[in-house]
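The values are calculated or read from the model by the stated rules, or taken from the named source; none is laboratory data. Predicted model, so just to flag it, every value in this text is computed and none were measured. Here the Cβ is made from the backbone with ideal geometry for all residues, glycine too, and neighbour counts use every protein chain on show.
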Amino acid sequence: SSNDLTEVVNYTKATKAEPNPKYFGAAKGKNVIYLHLESMQNFLINYELNGEEVTPFLNSLAKSKDFMYFDNFFHQVGQGKTSDAEFMLENSLFGLPQGAAFTNQAQNTYQAAPAILKQEGYTSAVFHGNYKSFWNRDKMYKALGFDKFFDAEYYDMKEEEVASYGLMDKPFFAESIPNLETLPQPFYAKFITVSHHFPYAINQELTTIGKHTTGDASVDNYFQTARYADEALEEFFKYLKESGLYDNSVIVMYGDHYGVSENHMRAMSEVLGTEVGEFENGQLQRVPLFIHVPGVEGGVKHQYGGQIDLRPTLLHLLGVDTSEYVQFGTDLLSKDHNEIVPFRNGDFVTPDFSSFKGVYYDTKTGEVVKPTEEMTKAKEFVEMKLNLSDKVVNGDLLRFYEPEGFVPVDPNDYDYTYKEE
Ligand code: GP9
Ligand code: MN
């Protein structure tokens with residue numbers, strides 16, 4: 001109801017974080033290139049398998065002053081996996097506790113990043129080497145206001161280049177370029193990679209690193225497709241630099257969710273050389289986040305945050321005031337950024353303490369601790385946040401809301417049908 005909406009708007013206004021003047025507008029008018037890194041977990045960064053780096057390219061970016069690299073950034077997805085990650089970064093709303101918002105709530109009204117940026121003169125597009133109905137994307141993207149959706153029909157889906165969930169990353173990036181070049185600038189473009197996906201099968205002729213040797217097949221394979229994904233990114237970056245896009249685009253790369261589930265703790269203990277139990281498994285929900293802003297000095301950032309925080313972070317970099325929008329994350333670069341990171345199941349982490357399956361831990365040492373008042377308050381905060389976000393999504397509350405200056409999206413205005421040039 002509209003009463004619920006009032007509660008939500010009051011809450012999000014009261015919990016908002018003021019932009020950091022050092023970064024607000026630092027990327028004004030720049031293109032945005034989002035690179036969705038399928039199943040990429042943060043433990044891979046600087047991990048060595050038999051003395052060899054698995055992701056040498058990403059590792060080089062983690063050290064580079066050209067990128068901010070966030071090493072305490074967490075995925076927050078539920079059953080909607082990839083689509084939940086997308087849902088959070090476009091809306092700063094959580095996915096649902098059960099099922100996928102992309103599948104079940106695509107008829108809702110949204111005030112998503114592509115539509116907000118349209119007001120700033122941006123053209124938006126998604127590139128993905130799978131068919132458009134997967135995760136109900138064709139419906140949801142219209143509600144989010146994406147101008148273009150280049151799905152599998154726009155790619156040469158040669159059998160030998162297609163993996164379980166779509167086109168392999170190298171041909172995917174290569175074939176995306178001509179379509180990317182049709183977009184007027186500034187653009188907001190998202191590239192969804194897919195070949196580093198469970199069960200991580202890959203033609204052995206395409207591999208440049210051996211498998212792991214834990215005896216758990218999907219864990220062992222995980223390193224080979226991660227290396228391939230890393231090489232594909234490096235190739236795409238060559239293009240971005242040569243074309244000049246690198247110098248006039250914000251580039252955001254994020255891992256979408258874990259690749260190795262909690263059913264593989266034994267193998268992960270071997271991978272990490274330390275016993276992986278509930279606490280360590282919780283810490284393993286870190287995914288890499290990299291942000292390149294031309295002219296802004298990067299470096300390693302240790303603040304805690306999650307995917308829900310991406311939208312306010314990005315919009316503030318672009319100089320867009322977000323105070324009128326309903327959002328559940330806070331700008332990672334703001335001094336008021338909130339470091340309590342909810343997981344979709346109600347677990348959470350903070351720099352000092354974590355809660356997994358009802359047990360509290362010291363985040364620094366992993367020791368089990370007795371819950372203090374501060375910890376139970378944090379738990380209530382997490383529940384409140386998730387509940388209010390669920391109210392918005394389940395109740396389609398944004399249909400009652402008209403942010404000042406925002407032009408509502410009409411899904412009928414969009415058509416992603418492939419047309420021969
Ligand atoms: C498929 C892809 C995979 O199009 O994005 O989604 P996931 O299985 O990771 O949720
Ligand atoms: Mn995924």
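So, Asn42, is that one more than 16 Å from ligand 2 (Cβ to nearest atom) and touching a residue at least 40 places away in the same chain (Cβ under 8 Å) or not? Spell out the reasoning first.
Working: more than 16 Å from ligand 2 (Cβ to nearest atom): no; touching a residue at least 40 places away in the same chain (Cβ under 8 Å): yes.
For Asn42, the condition - more than 16 Å from ligand 2 (Cβ to nearest atom) and touching a residue at least 40 places away in the same chain (Cβ under 8 Å) - is not met.
Among residues of the range 376-391 that are closer than 14 Å to Ile308 by Cβ and touching a residue at least 12 places away in the same chain (Cβ under 8 Å), those with a beta-carbon under 6 Å from a residue that is part of a helix (DSSP H, G or I) and not charged (D, E, K, R) at least six positions away or on a different chain give the pairs Leu388/Val8; Leu388/Tyr11. Looking at the structure I just gave you, is Leu49 crowded, with 22+ Cβ neighbours inside 10 Å and either within 30 Å of Phe102 (Cα to Cα) or modelled with pLDDT of 95 or more (or both)? Spelling it out, it is not the case that Leu49 is crowded, with 22+ Cβ neighbours inside 10 Å and either within 30 Å of Phe102 (Cα to Cα) or modelled with pLDDT of 95 or more (or both).
Residues checked against (1) assigned to a helix (DSSP H, G or I); (2) at pLDDT 95 or above; (3) within 23 Å of Met253 (Cβ to Cβ); (4) more than 13 Å from the chain's Cα centre (by Cα):
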| site | (1), (2), (3), (4) |
| --- | --- |
| Lys65 | no, yes, yes, yes |
| Tyr69 | no, yes, yes, yes |
| Gln76 | no, yes, yes, no |
| Ser83 | yes, yes, yes, no |
| Glu86 | yes, yes, yes, no |
| Val126 | no, yes, yes, yes |
| Tyr131 | no, yes, no, yes |
| Trp135 | yes, yes, yes, yes |
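Of the helices (runs of 4 or more DSSP H) lying entirely inside the range 200-283, those containing at least 2 residues that are touching a residue at least 40 places away in the same chain (Cβ under 8 Å) and farther than 21 Å from Gly78 by Cα span 217-243, 265-272.
Within the range 123-173, the residues that satisfy the criterion of being buried (at least 17 other Cβ atoms within 10 Å of the Cβ) and small (Gly, Ala, Ser) are Ser124, Ala125, Gly129, Ala143, Gly145, Ala152, Ala163, Gly166.
Being part of a strand (DSSP E or B) and within 16 Å of ligand 2 (Cβ to nearest atom), is that true of even one residue in the range 100-112? Scanning the range 100-112, I find no residue that is part of a strand (DSSP E or B) and within 16 Å of ligand 2 (Cβ to nearest atom), so the answer is no.
The residues listed here are Thr274, Thr213, Thr207; of these, the one that is more than 19 Å from the chain's Cα centre (by Cα), more than 16 Å from ligand 2 (Cβ to nearest atom), more than 22 Å from Asp71 (Cβ to Cβ) and surrounded by fewer than 15 Cβ atoms within 10 Å (Cβ to Cβ) is Thr213. Candidates are the residues of the range 349-358 that are under 14 Å from Asn281 (Cβ atoms) and in a strand (DSSP E or B); the one that is nearest to the chain's Cα centre (by Cα) is Val349.
Quick grid of which residues meet (1) over 26 Å from Gly319 (Cα atoms); (2) in a strand (DSSP E or B):
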residue	(1), (2)
Pro19	no, no
Lys22	no, no
Tyr34	no, yes
Phe43	yes, no
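Taking the range 359-374 as the range and being surrounded by fewer than 11 Cβ atoms within 10 Å (Cβ to Cβ) and within 26 Å of the chain's Cα centre (by Cα) as the test, only Lys364 passes.
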